[in-house]
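Read through the structure below, which is laid out as structure tokens, and then see the notes.
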Amino acid sequence: TTVEDGVLLVKDDLTTLKIAKTDITGDEELEGAHIQILDNNGTVVKEWDSKTTAETIKGLNTGVTYTLHETLGPDGYEVASDTTFSIGTDGTVTYSGETRTSDGALLVKDSRSDIKISKVDVTSGVEKAGAHIQILDQAGNVKEEWDSTTEAHTVSVKLKNNEIYTLHETIAPDGYTIASDTTFKLGDPSS
């Protein structure tokens, strides 16, 4: 506060909130997630795509419960659960669930997508060894390939969200015919 020409000047700062998007460990900032802040009526008041640094949000109202909502996870990651928060008149942030970084940013954590692919007998549902399977991108490039075993295969490459991939079998197990191609897409599990 300062006095200017006999008038006491009181200045208010805008509310400030930093939001960091990380992997489940909280160590690596992730880019590529689409995040929204919704007010208590479900209206989007701010949205952005995450980068490798925390996002700074200014000017949110105090006393309002907001929801931090992720509509798309970064490539290779699942969509994070919603987090609710509010900002007090003194600037303190109250939130559900997640933790904060050392500099006070609210953390939104994503888990890696755990994609498992099984090669099974259509009648018995038993895992079949001996098939050679590929994951192809839209341009026909092989993203990953493996030979099936008696256990499901865990995909090790990061697949992009909302891109169409094809499961392509090049060799069938003994006594079986090659399976037809199957297409799939990763993205928001609610869509």
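The values are calculated or read from the model by the stated rules, or taken from the named source; none is laboratory data. These numbers were taken from a predicted model, which means no experiment stands behind them. Neighbour counts are summed over all protein chains in view; Cβ atoms, including those assigned to glycine, are modelled from backbone coordinates with ideal geometry. Only protein heavy atoms, including side chains, enter the accessible area calculation; ligands, DNA and RNA are left aside. Shrake-Rupley method; radii C 1.70, N 1.55, O 1.52, S 1.80 Å.
Worth a mention:
- Full-extension gain in nm, residue 181 to residue 166, via 0.36 nm per residue minus C-alpha separation: 4.8 nm
- The stretch 118-191 shape via C-alpha gyration tensor axes, a/c threshold 1.5: prolate
- Straight-distance crosslink candidates among lysines, where the alpha carbon sits under 29 Å from residue 46 and sequence neighbours closer than 8 are dropped: 11, 18, 21, 58, 109, 158, 160, 185
- 5 angstrom amide H check on residue 65, placed H, neighbours 5+ away: 40
- Among the chymotrypsin sites (Phe, Trp or Tyr not before Pro) found in the stretch 136-191, not one is both in a DSSP coil and sparsely packed, with 11 or fewer other Cβ atoms within 10 Å of its Cβ.
- The stretch 15-102: GluC sites (Glu not before Pro) falling in loop per DSSP and having at most 12 other Cβ within 10 Å: 28, 31
- Spatially proximal aspartates and glutamates relative to residue 128 (Cα-Cα < 18 Å; intrachain offsets below 8 disregarded): 145, 147, 151, 169, 174, 181
- Per residue, the accessible area of the stretch 135-191 comes to 65 Å², computed with a 1.4 Å probe over protein heavy atoms only.
- Portion, in percent, of the accessible area of the stretch 116-155 that falls on carbon or sulfur, probe 1.4 Å: 47
- Excluding same-chain neighbours fewer than eight residues apart, the aspartates and glutamates reachable from residue 51 by a Cα-Cα span under 18 Å are 23, 27, 28, 29, 31, 70, 75, 78, 103, 110.
- For residue 89 and residue 49, the FRET efficiency from 1/(1 + (r/R0)^6), where r spans their Cβ atoms and R0 equals 41 Å, is about 0.85.
- Given their separation in residues at 0.36 nm each and the Cα-Cα distance between them, residue 145 and residue 40 gain 33.2 nm when the chain is fully extended.
- Charge tally for residue 129 (other residues, Cβ to Cβ under 10 Å; Lys, Arg +1; Asp, Glu -1): -2.
- For residue 75, the residues whose modelled amide H falls within less than 5 Å of its own, excluding neighbours fewer than 5 places apart on the same chain, are 161.
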